[in-house]
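Asks: Below you will find the structure I want to go over with you.
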Amino acid sequence: MKTLAEEFPLRSDLVYLNHAAVGVWPRRTAEAVKAFAEENMRQGAADYPQWMKVERELRMRLKRLLAASSADDIALVKNTSEALSLIAYGLDWQPGDNIVSSNQEFPSNRIVWESLQGKGVELRLADISGDGPETALLSICDERTRLLTISSVQYGTGLCMDLNLLGRFCHDHGILFCVDAIQSLGALQFDVEACHADFVVADGHKWMLGPEGLAVFYSGPEAREQLKLLQYGWHMVERAGDFDASDWAPAAAARRFEPGSPNMLGIHALNASLSLFEDIGMETVESLLLDRAGTLMRWVEENPDLELMTPVQSGRYAGIVTFRHRQLDSVGHADLYRRLMKAGIVCANRAGGIRLSPHFYTDVNAFMPGWEQVISSSL
Ligand SMILES: Cc1ncc(COP(=O)(O)O)c(C=O)c1O
């Protein structure tokens, strides 16, 4: 196996702290994409069975990453937003039904639910900024709650939710549980059965270090049956490839959500990226990442001008560290963001502050000199 320095030969003038937006590809992913391009150029799809093998391998890797019981529960879709839309428009809503979520969600996990308003479906948003975010969510559920949908880690503050607690409640109360895991898959260990999730959605371009445009959509077998199909084609039928058959039935597996030709380029790339996580082990990835996030949080806390927006308690943070400068307004933060970027610190301006998101391989110490200089000249 290559060293981490060989896998991540980033420009030496950059400190990449933006995995919560778009991650960096490891070398093996870049090489897989180059090899796939070369193969396409030289022999087209002459070895298509080998491509299908890579596709099956990816489904197995995703199954293991989620700790799912079967790869049949994994569909490959375009992005997180598409998966959420398949759920929102697949369920058979009744007027008066409600959906419970939080006031910190990324727009993809809010807009689609708001769009159901015309069907008489209410979206209830809990304020999860105080102590006990799970209690805030559960206290607004009632007998008409059909679905609870939440990000495993909030994209702005980095707040990490107790999925097992939420899932247990949903399971006991007949509420569907949907997890937007894009900010935690590839960062933290995940156990879809322990958290009783009915649906898990996540694009591969953040913490999984894959390309944009290829997402995992997990659906449990019973939950899957509740979704009416919205897209049709040759690939979503039980006997895909039997082009002469005049009758058809949707695949029993989650493949029923994949109407046509797969994103083979993305599949080759994400498969290579996930092989790195398997080589290293998710337990190690998680512990290295939490250590790096912890270091960044300590630096923020040591500076009296800065206010940490990410909770420091163990279990409440993952890879996102967001802070505010006490003397800066939103314009000031936009300017601080630009100056950090100019200093080679790749970060994001989110939740009214600055969001830093290292990954397990990031040398956060390389961030210190540039950061001190920019922060001390902030006013
Ligand atoms: C929590 C969360 N959900 C969804 C998305 C959007 O994902 P996609 O572009 O795959 O639809 C993002 C992107 O930042 C996100 O942070």
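Asks: Would you check if G233 is modelled with pLDDT of 95 or more, within 13 Å of the ligand (Cβ to nearest atom) and surrounded by fewer than 20 Cβ atoms within 10 Å (Cβ to Cβ)?
Replies: Here the answer is no, as G233 does not meet what is asked.
Asks: Here's another thing I want to ask about it. With respect to K63, determine if the residue is basic (K, R) and more than 30 Å from R292 (Cβ to Cβ).
Replies: So K63 fails the test.
Asks: Also: I'm trying to understand the selection: among the residues of the range 210-230, which are within 14 Å of the ligand (Cβ to nearest atom) and part of a strand (DSSP E or B)?
Replies: A215, V216, F217
Asks: With respect to the numbered conditions (1) touching an Asp or Glu at 6+ places or on another chain (Cβ under 9 Å); (2) under 16 Å from L58 (Cβ atoms); (3) of a type in the set (G, A, S); (4) within 16 Å of the ligand (Cβ to nearest atom), which one is the sole condition not fulfilled by A187?
Replies: (2)
Asks: Among the numbered criteria (1) within 12 Å of the ligand (Cβ to nearest atom); (2) in a helix (DSSP H, G or I); (3) among the hydrophobic types (A, V, I, L, M, F, W, C), which single criterion is violated by I150?
Replies: Looking at each condition in turn, I150 falls short on (2).
Asks: Among the candidates D305, D247, D291, single out the residue that is in the same structural domain as G174 (by TED's automatic domain parsing), of a type in the set (D, E) and farther than 29 Å from S81 by Cα.
Replies: The unique qualifying residue is D247.
Asks: A further question on this structure: I'd like the full set of residues that are buried (at least 20 other Cβ atoms within 10 Å of the Cβ) and among the polar types (S, T, N, Q), limited to the range 207-230.
Replies: S219
Asks: For the range 236-243, does any single residue satisfy the condition of being surrounded by fewer than 14 Cβ atoms within 10 Å (Cβ to Cβ), of a type in the set (V, I, T) and not in a loop (DSSP other than H, G, I, E, B)? Break it down into steps so the answer makes sense when it comes.
Replies: Let us first name the residues in the range 236-243 that are surrounded by fewer than 14 Cβ atoms within 10 Å (Cβ to Cβ), namely 239, 241-243.
Filter again for of a type in the set (V, I, T), leaving none.
No: the range 236-243 contains no residue that is surrounded by fewer than 14 Cβ atoms within 10 Å (Cβ to Cβ), of a type in the set (V, I, T) and not in a loop (DSSP other than H, G, I, E, B).
Asks: Got at least one residue in the range 84-101 being within 18 Å of A126 (Cα to Cα) and within 13 Å of the ligand (Cβ to nearest atom)?
Replies: Within the range 84-101, one or more residues are within 18 Å of A126 (Cα to Cα) and within 13 Å of the ligand (Cβ to nearest atom).
The values are calculated or read from the model by the stated rules, or taken from the named source; none is laboratory data. Fair warning: this is a prediction, and the values are worked out from it, not measured in the lab. For neighbour counting, all protein chains shown are included, and Cβ atoms are generated from backbone atoms with ideal geometry for every residue, glycine included.
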